[in-house]
């Protein structure tokens, strides 16, 4: 028989979620500029960072992934969770990403849901309300994963 010696394992030490930045535009939109790697090791920290952000009653939210060096499905899940939470309250949501990140979104089938923009200006302009009107339908809370219903 083998003798097994068990030793206590210290607490897991995860890398920090990155030096994320939260900005507010002059139109009242909140912009979350994410940095670093967003993966299984940092997704929980990012989710905790997003929780109070989702509680703010903003007209719209923009997540900018362009400064992110790496993102995997765990990271995308956190972004999708934020989108679901804020659009469920009637706020708009937009995502900004580069071409490499767009390929990832297309590969895992989330590009149609997240409808990313290439620039921050494009994302912000897509969330600005029409004069005395609601947010554009593509960012509303009832948008399905397949896009707006034909009618």
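What follows is calculated from the coordinates using simple rules that are stated; it is not laboratory data. All of these numbers come straight from a predicted model, not from anything done at the bench. A quick note on method: Cβ atoms are made from the backbone with ideal geometry, for glycine too, and the neighbour counts reach across all protein chains shown.
Some notes on this structure:
- Difference of contour (0.36 nm per residue) and Cα-Cα distance, residue 48 to residue 107: 18.6 nm
- Segment residue 122-residue 80, length gained on full extension (0.36 nm per residue, minus Cα span): 13.1 nm
- Relative protection proxy for 73-79, 108-114, from highest mean packing down: 73-79, 108-114 (other beta-carbon atoms within 10 angstrom).
- Our estimate of slack between residue 55 and residue 89, defined as 0.36 nm per intervening residue step minus the Cα-Cα distance, is 11.3 nm.
- Where labels lie 7 Å past Cα in the beta-carbon direction, separation of residue 70 and residue 37 in nm: 0.4 nm
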